[in-house]
Amino acid sequence: MLLKKKFEQETVGDVHVAKGTLTFQGVRLTVHCFSIDGVLIDTGAQSLAREFTQFFNQLQIDQVVITHFHEDHTGCAACLQNKRQLPIYMNELMIDYCRKQADYPIYRKFFWGKRPPFEAKPIGKTFSSHHATWDVIHTPGHAVDHLAFLNRETGQLFTGDLYCLEKTKVVLREESVPTLIESLRKVLTYDFNEMFCAHAGYIKDGRTALQRKLNYLQELQGKIIDLYEQGAQQKQIQSILFPKKYPITYLSFGEWSSSHIVRSVIEEYRIKKVSEQ
């Protein structure tokens, strides 16, 4: 099979971790989901449904919470709902979208599969598990409905796609770097240390990692604005700051690209300039 699959499980303290990896022509994509205290955080991808289901079947799960609507996080939600009648909670912004058959580009269906429709309930500002109260933190930037979850009792932060990696080089077309910067600032006001990222996995010193990412994005934002003020165009700025070409950009027909980083910063800069006049 052209698409290579790998699935791993581990336990970090009281957190059960599942990791699915898909590889095709130099593009390697990884997604995690986590279970703690009866809560399942994200559901993995439909293309790895058999593997994730085996993981779920080992666990006592009372409820499912979703960090955001993307198919690698919601792919097995319908299965969990239909077979185990589990309640699913997410940001209400994308509940209607998830009730319908998902519509996204074919390369994403190739990697992650076709996400079946499912019914979710709006999540509040907090929720409770067996032994903990959790903060629900709205962290848009990667997705409009993106959430992070903080276990107040343990200080563990589950960040979905807020982190992923420290030095971001490509983003989705709809992502906003300035919005992501604000979300990172918001999360860093909370009291946490350990971090569980949907793509990077477990990071012991999560606070330091998120601070480094924030510093990187702020510095990158400054460079983009400086070059733009000097008269450089978007493509010129992209070639200066991101000279390397990434396979995912070609495979996704540009849906993932460093150009979206530059564009989102310039668009926000223009809006601020107009508002100041």
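The values are calculated or read from the model by the stated rules, or taken from the named source; none is laboratory data. Model, not experiment: these values are computed from the prediction. Note: ideal-geometry Cβ built from the backbone for every residue, glycine included; neighbour counts use all protein chains shown.
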crowded, with 19+ Cβ neighbours inside 10 Å, out of contact with any helix residue (DSSP H, G or I) (no Cβ under 8 Å at 6 or more places or on another chain), within 24 Å of H142 (Cβ to Cβ) and at pLDDT 95 or above - does that describe any residue in the range 4-14? no
What about R28, is it among the basic types (K, R) and under 20 Å from A78 (Cβ atoms)? no
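For the subset of the range 91-114 comprising residues that are under 14 Å from A143 (Cβ atoms) and touching an Asp or Glu at 6+ places or on another chain (Cβ under 7 Å), which member is surrounded by the fewest Cβ atoms within 10 Å (Cβ to Cβ)?
By that ranking, first place goes to Y104.
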Are there any strands (runs of 3 or more DSSP E) wholly within the range 1-81 with 2 or more residues that are under 28 Å from I95 (Cα atoms) and among the hydroxyl-bearing types (S, T, Y), and if so which? 27-36
Note on L80: of the conditions (1) of a type in the set (A, V, I, L, M, F, W, C); (2) in contact (Cβ under 8 Å) with a residue 40 or more places away in the chain; (3) in contact with a Gly (Cβ under 9 Å, 6 or more places away or on another chain), unmet is (3)
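Table: residues versus (1) among the polar types (S, T, N, Q); (2) part of a strand (DSSP E or B); (3) in contact with a strand residue (DSSP E or B) (Cβ under 9 Å, 6 or more places away or on another chain).
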site: F127; (1), (2), (3): no, yes, yes
site: D145; (1), (2), (3): no, no, yes
site: L150; (1), (2), (3): no, yes, yes
site: E153; (1), (2), (3): no, no, yes
site: T159; (1), (2), (3): yes, yes, yes
site: L162; (1), (2), (3): no, no, yes
site: E175; (1), (2), (3): no, no, no
site: T179; (1), (2), (3): yes, no, no
site: S183; (1), (2), (3): yes, no, yes
Which one of these does F118 not meet: (1) within 18 Å of T74 (Cα to Cα); (2) in contact (Cβ under 8 Å) with a residue 12 or more places away in the chain; (3) surrounded by fewer than 21 Cβ atoms within 10 Å (Cβ to Cβ); (4) hydrophobic (A, V, I, L, M, F, W, C)? (3)
Go through the residues of the range 263-272 one by one and say whether even a single one is of a type in the set (K, R), assigned to a helix (DSSP H, G or I) and crowded, with 18+ Cβ neighbours inside 10 Å. yes
Tell me, please, whether a residue that is closer than 16 Å to F158 by Cα, out of contact with any Leu (no Cβ under 9 Å at 6 or more places or on another chain) and modelled with pLDDT of 95 or more can be found in the range 43-64. yes
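Can you name the residue in the range 129-143 that is part of a loop (DSSP other than H, G, I, E, B) and of a type in the set (S, T, N, Q) and, of all such residues, is surrounded by the fewest Cβ atoms within 10 Å (Cβ to Cβ)?
Among those residues, the one meeting the criterion is S129.
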Is there a residue in the range 260-267 that is in contact (Cβ under 8 Å) with a residue 40 or more places away in the chain and closer than 16 Å to V27 by Cα? no
